[in-house]
Amino acid sequence: MRRYSAFAIAREVLRHHQGWERAWAKPEPRKQYDVIIVGAGGHGLATAYYLGKNHGITNVAVLEKGWLGGGNTGRNTTIIRSNYLQDPSAAIYEKARSLYETLSQDLNMNVMFSPRGVMMLAQTEHEVRGYVRTAHANALQGVQTEFIGPERVKELCPIIRIDGPRYPVLGALWQARGGTARHDAVAWGYARACSDMGMHIIQKCEVTGIRTEGGNVTGVETTRGPIGCSKLGLVAAGHSGVLAQMAGFRLPLESVALQALVSEPIKPCMDVVVMANTVHGYMSQSDKGEMVIGGGTDGFNNYTQRGSFHHIEETVRALVETFPMIARLKMLRQWGGIVDVTGDRSPIISPTPVGGLFVNCGWGTGGFKAIPGGGWATAEMIAKGAPGPLAAEFGLNRFREGRFIDESVAAGVAH
Amino acid sequence: MLLITCPNCGVAAEETELHAGGEAHITRFGPEASENDFEDYLFRRENPRGVHFERWRHANGCGKWFHAARCTATLEVFGTYSAQTTEPPREILETIRAKRPAWTWRDLK
């Protein structure tokens, strides 16, 4: 792999950009791999990357039914934060956030990580109490957050109306090292690094069946023929339930549509990410100047990657109330993704009833921020055959045992 | 936007009138149930990409619960029926099978 650098750009400018090589190879699938990962989104590619980097397993294929990073990885609003309440969540999300800090150097791909700060507004007394508690919990967990007052909110983000008639801003949970990153570049960076290690990334290859023998996985049926493997990782977000059904078990998930939209580009007007959970909306400004907006999920099961229009209306209404200056902005694009939501709003990183078959799913509305940490933990689990310390609490058994990791507050708004 | 006819009041209700209530026909197990049955009842969901039986409430209408058969991949509604049933009525099953011959649902015959 030719490394990207300022020198490489200078060299290619002189050569009329004829020397850039393909970022990742386009191989034909082999008959057998040590590990197959289903789903070439952020978590799937990060799992493959850390299997190679941390555990030396490089005979790996990543199968993708569509195109690389075309699912939720390319559809989210790119927010990165780790201000969760429970210890296991703080551990894995903070691991992910800290890996994001150096991900560009690690992958030799500029993922444009921008730790611009994330604030979650408190607009009711309950939210104030909730976030003060979270700030204390974060202090114990070693995650740097603080509860700030309304004046500081206004100082950090001047376009917020803090004295609105319905829900005045009473404060905010502020994570200064949270922020955003370029979502496509995260997928591309991992894919390029995986391909460089000799892994196969096979796009337009849909898994149609899972082969088992004596309760252990032996391979998958795909639209490009059967492929054997000794270990299989299902990292398919909203479609995890469909794959689990092929393997003969059910997951505690519901797949629903989550929408996002962007406005026309405008001059820089906010340099932080703001989430307003009470009125239900969140917004940040992209480097292109578009206001990136997200809101709530639909209430019903849905696999169409389209959402209902009235949710956009609710989200926009909430944000116009919070940021009156956006009232006359035109919206450019709107899209939807299928998110897999668990009962306790925490992910599942777990072995399954089928031997050699592992799942990474249930990230629901907030998986992008966790990509490096989720991949790290899933790779460790697949390599060693059992979950490591990061993944241990996120097993499927937590539902039977009643050990929920309740993050309904931290995930109070779909994010 | 989804349009679903409420079988209780006969109104073709828009999505904003309705509240989705999750999977229908989930069996509640009694005091002697195994942990596995109870976990199934509480957490494990069919979550199909295809025809789904769901509970809906006509929240901003007659206020009553009903069941609907709907495809989660195309949003096609195959019919609605009373919530006072333990399994889908025959005519709904026939409508679904006429359009989706290979369709199966849990252990429904």
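Here is how the numbers come out for the structure above:
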| read-out | value |
| --- | --- |
| Filtered residues of segment B:51-89 (kept if crowded, with 19+ Cβ neighbours inside 10 Å and in a loop (DSSP other than H, G, I, E, B)) | B:His58, B:Thr72, B:Pro88 |
| Matching option when the condition is in contact (Cβ under 8 Å) with a residue 12 or more places away in the chain and not in a strand (DSSP E or B), among A:Gly189, A:Gly233 | A:Gly189 |
| Residue within segment A:123-146 that is in a strand (DSSP E or B), free of Cβ contacts under 8 Å to residues at least 60 places away in the same chain and among the aliphatic types (A, V, I, L, M) present | no |
| Residue match in segment A:351-364 (condition: of a type outside the set (S, T, N, Q), within 14 Å of chain B (Cβ to nearest Cβ) and over 26 Å from A:Gly66 (Cα atoms)) | yes |
| Criterion (surrounded by fewer than 24 Cβ atoms within 10 Å (Cβ to Cβ), touching a Gly at 6+ places or on another chain (Cβ under 8 Å) and among the polar types (S, T, N, Q)) met by exactly one of A:Ser350, A:Ser346 | A:Ser350 |
| Qualifying positions in segment A:75-122 - among the β-branched types (Val, Ile, Thr) and part of a loop (DSSP other than H, G, I, E, B) | A:Thr77, A:Thr78, A:Thr102, A:Val111 |
| Residue among A:Arg333, A:Arg328, A:Arg317, A:Arg250 that alone is among the basic types (Lys, Arg) and within 25 Å of A:Trp67 (Cβ to Cβ) | A:Arg333 |
| Scope segment B:23-50; condition at the interface with another protein chain (Cβ under 7 Å from one of its Cβ atoms) and surrounded by fewer than 16 Cβ atoms within 10 Å (Cβ to Cβ); matching residues | B:Glu35 |
| Residues of segment A:248-272 satisfying the condition of being surrounded by 14 or more Cβ atoms within 10 Å (Cβ to Cβ) and closer than 15 Å to B:Arg44 by Cα | A:Phe249, A:Arg250, A:Leu251, A:Pro252, A:Leu253, A:Glu254, A:Ser255 |
| Breaking point among (1) assigned to a loop (DSSP other than H, G, I, E, B); (2) in contact with a Gly (Cβ under 7 Å, 6 or more places away or on another chain); (3) closer than 26 Å to A:Ser114 by Cα, for A:Thr58 | (3) |
| Among (1) surrounded by fewer than 23 Cβ atoms within 10 Å (Cβ to Cβ); (2) in contact with a strand residue (DSSP E or B) (Cβ under 7 Å, 6 or more places away or on another chain); (3) away from every other protein chain (no Cβ under 14 Å), the one test that A:Met283 misses | (1) |
| All positions within segment B:1-12 that are away from chain A (no Cβ under 11 Å) and under 16 Å from the mean Cα position of the chain (by Cα) | B:Leu3, B:Thr5, B:Cys6, B:Pro7, B:Asn8 |
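Per-residue answers, yes or no, for (1) hydroxyl-bearing (Ser, Thr, Tyr); (2) out of contact with any Cys (no Cβ under 6 Å at 6 or more places or on another chain); (3) away from chain B (no Cβ under 14 Å):
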| site | (1), (2), (3) |
| --- | --- |
| A:Thr222 | yes, no, yes |
| A:Gly228 | no, yes, yes |
| A:Gly233 | no, yes, yes |
| A:Gln245 | no, yes, no |
| A:Leu253 | no, yes, no |
| A:Glu264 | no, yes, yes |
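Bear in mind these aren't lab numbers, they're just calculated from the coordinates by the rules spelled out. The shown structure was predicted, so the numbers you read here are calculated from the model rather than taken from an experiment. Heads up, the Cβs are rebuilt from the backbone with ideal geometry, glycines too, and the neighbour counts pull from every protein chain shown.
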